[in-house]
Amino acid sequence: MSLQRSLLVCCDLRSYGSADDRLQRELQELLVRSLDRAGEVAGLDRSTWARQPKGDEEWAVLPVGTPDHLVVDRYVRALDAELASVNAYRVPHAHLRMRMAVHFGTTAEGANGYPGQDAVLVSRLMDSAAARAALEQTDAHLAVVLSEVVYASVVAAGYTTLRPGDFREVEVRVKDFVGRGRLWIPGGDAHALRLEDAAAAGSGSAGVAGSAGPGPSSVTQHATASGGSTVVQAGRDAHVPTQHAEVIQNFERNDQRGSSFGPVVRGREKGQ
């Protein structure tokens with residue numbers, strides 16, 4: 001068994017599963033093209049990376065000795081610029097938007113991939129509720145989560161042009177994994193995210209620092225698609241002090257292209 005310590009980089013596209021077959025194929029092509037172009041701009045040869053393609057995801061082990069600061073700084077910045085260029089003339093539902101995680105650790109090739117705790121860690125950072133919230137609550141093209149070791153040794157140590165204050169420390173809870181990472185939204189504000197909402201929505205599978213505790217009375221949430229079907233979502237309890245209300249919730253993600261969702265609140269004051 002051959003061990004190596006190197007950078008691990010993985011990324012995943014948002015809303016890929018709700019796209020039809022033709023759009024999924026196009027998004028895959030744009031994903032690889034965007035990553036390759038970002039690598040060229042950053043002076044990185046991605047052909048030397050050990051890459052595992054997974055449709056809307058790429059998991060990569062970089063060669064030993066790859067400069068950390070080039071990946072964390074120039075590569076990520078170039079990728080964000082490339083995604084902005086790709087999305088400039090695309091309709092919103094076809095945008096290429098991505099979560100990315102970067103970690104430095106030990107890897108060894110297995111029979112079906114790379115086993116080990118470091119391989120698990122970088123994947124969990126990418127799948128964190130905080131990273132998902134960054135794309136759900138903003139129009140950002142890219143959300144990045146660095147492991148604590150990469151943040152401390154590369155960003156906080158001053159080896160990049162990135163500002164430590166732009167990173168937000170988050171707790172990551174995905175499946176059986178519990179850890180911490182540093183969230184960055186290129187060109188955005190990670191500190192403005194409502195991570196307590198993301199923690200409530202992801203309860204049982206993913207969590208973030210600052211997750212809210214149990215709330216007061218509850219409200220049922222419904223969404224009605226244009227085809228007549230009804231979707232019911234179990235969400236965070238909401239407190240309505242003076243009204244009985246039926247809430248029709250606006251959903252950002254939708255598995256039926258062409259369905260229409262809109263926020264409507266119908267209620268009556270108590271005593272009426």
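The values are calculated or read from the model by the stated rules, or taken from the named source; none is laboratory data. For clarity, every value in this text was computed on a predicted model and none was experimentally measured. Counting neighbours? That spans all protein chains shown, and the Cβs are built from the backbone with ideal geometry, glycine included. These area figures cover heavy atoms from the full protein model, side chains too; ligands, DNA and RNA do not enter into them. Shrake-Rupley method; radii C 1.70, N 1.55, O 1.52, S 1.80 Å.
From the list 174, 178, the lone residue that is open to solvent by 50 Å² or more (accessible area, probe 1.4 Å) and modelled with pLDDT under 95 is 178. Note on region 66-125: residues that are touching a strand residue (DSSP E or B) at 6+ places or on another chain (Cβ under 8 Å) and among the aromatic types (Phe, Trp, Tyr) amount to 2. Per the listing 35, 23, 31, the residue uniquely open to solvent by 10 Å² or more (accessible area, probe 1.4 Å), in contact (Cβ under 8 Å) with a residue 40 or more places away in the chain and in a helix (DSSP H, G or I) is 23. For residue 29, the conditions (1) over 23 Å from residue 169 (Cα atoms); (2) of a type in the set (D, E, K, R); (3) over 20 Å from the mean Cα position of the chain (by Cα) are fulfilled apart from (3).
Residue count for region 45-59 under the criterion of being in contact (Cβ under 8 Å) with a residue 24 or more places away in the chain, touching a helix residue (DSSP H, G or I) at 6+ places or on another chain (Cβ under 8 Å) and more than 19 Å from residue 86 (Cβ to Cβ): the result is 1.
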